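Here's the structure, in structure tokens; my notes come after.
The values are calculated or read from the model by the stated rules, or taken from the named source; none is laboratory data. Note that the coordinates shown come from a computational prediction; the quantities given were computed from them, not determined experimentally. Virtual Cβ from ideal backbone geometry, glycine too; neighbours counted across all protein chains shown.
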Amino acid sequence: MNTSTHPIITFIGGGNMASAIIGGLVRQGHPVNAIQVVEPWDEQRTRLAQQFAGMAVLEAASAELRPSDLVVWAVKPQTFKEAAATTKAFVGDALHLSVAAGITSESIATWLGTQRIVRAMPNTPALVGLGMTGLMARAAVSDADRALVERVVRTTGELVWVNVESDLDAVTALSGSGPAYVFYFLEAMRDAGARMGLAPEVAQQLAIGTFLGAATLAQRSADPLQTLRERVTSKGGTTYAAITSMESAGMKAKFEDALFAAQKRAGELGREFGK
């Protein structure tokens, strides 16, 4: 275990999510020489080395890796098992944080031979420091381990802990996949605005600003979401016409069905790639 002020953090995988976390760590004063990355793709290694000068970026796990306090698994679910097999011998007794969707902590524990595992479900707004991450820790994870994980994850935004691992499938459906739903509705608002005669770029600006403002209002207000909605929905008015149209089309129920589909798929990923 590293005894200096800054823990040694190793990333297995150097894609967008790893880059977001590394960027957040560096902005908050974590030195690049206390971070190391294993990334097999040449182009990505070059980009990381340029973006974070002085950080060790390796093609594969080897004895070159410094003893790690925390290993962050930022790999695709389908490659996790193979990556664990080639890395296990070089990471010692580190704490492990997985951001791989669906792969259960039981599978990870089996592959790595340790119980000190935290699973995380982040989302892409982490790239701009506004992420939302769900976390679940196995019983062997100490309070100090949790504090280290929180310190790392908070560099990308907010976090919540869940106690039951299956709840991470729901987190995946709501916040992990959630940005895509927002982009989907933004596309619809932009396209509708354009059909109404607005320039597409104006319609997009209006849509994005509206989502951002409404989300900020909901975050800062103590009022229930329903109350906030009802305040904008005067009976017989324009908002009422839109909400009534959505309700008649069963949009809320269909949207909830879509989230359940995402939750189901998250569980399937664990069974499919966790063997």
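Please work out if PRO67 is more than 18 Å from GLY267 (Cα to Cα), in the same structural domain as GLY15 (by TED's automatic domain parsing) and not in a loop (DSSP other than H, G, I, E, B).
So PRO67 does not fit the description; no.
Residue-by-condition table, conditions (1) over 22 Å from the mean Cα position of the chain (by Cα); (2) buried (at least 23 other Cβ atoms within 10 Å of the Cβ):
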site: PRO31; (1), (2): yes, no
site: MET55; (1), (2): yes, no
site: ALA83; (1), (2): no, no
site: ILE117; (1), (2): no, yes
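Considering (1) over 20 Å from GLY113 (Cβ atoms); (2) in contact with a Pro (Cβ under 9 Å, 6 or more places away or on another chain); (3) of a type in the set (S, T, N, Q), say which one SER19 fails and leave the rest.
The number of the failed condition is (2).
Can you pull out the residues in the stretch 41-53 that are crowded, with 16+ Cβ neighbours inside 10 Å and part of a loop (DSSP other than H, G, I, E, B)? Explain how you work it out, then say what you get.
Within the stretch 41-53, the subset crowded, with 16+ Cβ neighbours inside 10 Å is 44-45, 48-49, 52.
Within the stretch 41-53, just PHE52 meets the criteria.
Given (1) free of Cβ contacts under 8 Å to residues at least 40 places away in the same chain; (2) assigned to a loop (DSSP other than H, G, I, E, B); (3) surrounded by 14 or more Cβ atoms within 10 Å (Cβ to Cβ); (4) over 13 Å from the mean Cα position of the chain (by Cα), where does ARG151 come up short, assuming only one miss?
Condition not satisfied by ARG151: (2).
Among residues belonging to the stretch 154-195 that are of a type outside the set (Val, Ile, Thr) and not in a helix (DSSP H, G or I), point out the one that is surrounded by the most Cβ atoms within 10 Å (Cβ to Cβ). Lay out the reasoning, then the answer.
Residues of the stretch 154-195 of a type outside the set (Val, Ile, Thr): 154, 157-159, 161, 163, 165-170, 173-181, 183-195.
The next check asks that each one be not in a helix (DSSP H, G or I); those that pass are 157-159, 161, 163, 165-166, 177.
Working: GLY157: 19, GLU158: 14, LEU159: 17, TRP161: 14, ASN163: 7, GLU165: 15, SER166: 13, SER177: 21.
Checked the stretch 154-195; the qualifying residue surrounded by the most Cβ atoms within 10 Å (Cβ to Cβ) is SER177.
When you go through (1) at positive phi; (2) assigned to a helix (DSSP H, G or I) one by one for GLU201, which number turns out not to apply?
If we test GLU201 against (1) at positive phi; (2) assigned to a helix (DSSP H, G or I), just (1) comes out false.
Go through the stretch 119-148 and give me each residue that's surrounded by fewer than 14 Cβ atoms within 10 Å (Cβ to Cβ), assigned to a helix (DSSP H, G or I) and hydrophobic (A, V, I, L, M, F, W, C).
Within the stretch 119-148, VAL128, ALA144, ALA147 qualify.
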